[in-house]
Every structure is written in structure tokens, then in C-alpha cells.
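Q: Sharing a structure with you now.
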Amino acid sequence: MKYLLIFLVVLVIFIISVTLGAHNDQVITFNYLLAQGEFSVSTLLASLFGAGFVLGWVICGLFWLRTRVSLANANRKIKRMQTQIEQSNTALAAPPAVPAGRE
């Protein structure tokens, strides 16, 4: 349900930006870092929205990947510690061996 709401919000934002861009056919001069170009408002709005959307997903994906790797490492460490605890418990619970021939 949560993902559906997020998808709907993104879809509404995209539809609003396309609608606003379609009604603005003006050509504007856009100064970016290395040069400048003349673009229509609709093209500029759609491309900047798309670039921001992709950049946001990449950043969120990197944080998600880092979290998954950290979780996998923690789970591996927990399993290793559990096996050590089980081995030490079985070693302590076993009765000492009595050598044969001595009573």
C-alpha cells in the first residue's frame, strides 16, 4: 500500500509537470555549468524532472545497497557467534572422560 501511494504521488507530479510544460511553448535561454542553450520550457521541465527522478533513485539505491550489505555482514557474524556458543555449551555439558583401568 505504501509503494502504491508513493507511485501515485510521483505520477501526479509527473502529470502536473507535463501539463504545465505542454502549455508553455516559450523558448528560454538556459545557462548551465559549461555552456548555454535555448530550450522550450516543456522540454527543459521534463528533462530536469527526469534527471532529478533518476538521480534520486540512484542515491536511494546506493543507501539501500549499503544497508543490505551491512545487514548481511551482521547476520553472518551472529551465525558465527551462535555456533561458537553452541560448541562451548556442548563442551561444558559433556562429563569428563574417566580413563579406563582406574576406578
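The values are calculated or read from the model by the stated rules, or taken from the named source; none is laboratory data. Computed from a predicted model, the values in this text were never measured in an experiment. No Cβ is skipped: glycine too gets one built from the backbone with ideal geometry, and neighbour counts run over all protein chains shown. All accessible areas refer to the heavy atoms of the entire protein, side chains included, with ligands and DNA or RNA removed. Shrake-Rupley method; radii C 1.70, N 1.55, O 1.52, S 1.80 Å.
Q: Would you check if there is a residue in segment 66-75 being surrounded by 10 or more Cβ atoms within 10 Å (Cβ to Cβ), touching a residue at least 40 places away in the same chain (Cβ under 8 Å) and within 28 Å of the chain's Cα centre (by Cα)?
A: no
Q: Still on this model: Just to be sure before I move on: is Phe53 modelled with pLDDT of 80 or more, open to solvent by 100 Å² or more (accessible area, probe 1.4 Å), of a type in the set (Phe, Trp, Tyr) and under 21 Å from the mean Cα position of the chain (by Cα) in the structure I sent?
A: no
Q: Let me ask you something else. How many of the residues making up segment 1-39 are open to solvent by less than 90 Å² (accessible area, probe 1.4 Å), polar (S, T, N, Q) and under 19 Å from Gly52 (Cα atoms)?
A: Final tally of qualifying residues: 2.
Q: Here is a follow-up. Against the definition (part of a helix (DSSP H, G or I) and either free of Cβ contacts under 8 Å to residues at least 60 places away in the same chain or closer than 26 Å to Thr19 by Cα (or both)), how does Phe49 come out, yes or no?
A: Against the criterion (part of a helix (DSSP H, G or I) and either free of Cβ contacts under 8 Å to residues at least 60 places away in the same chain or closer than 26 Å to Thr19 by Cα (or both)), Phe49 qualifies.
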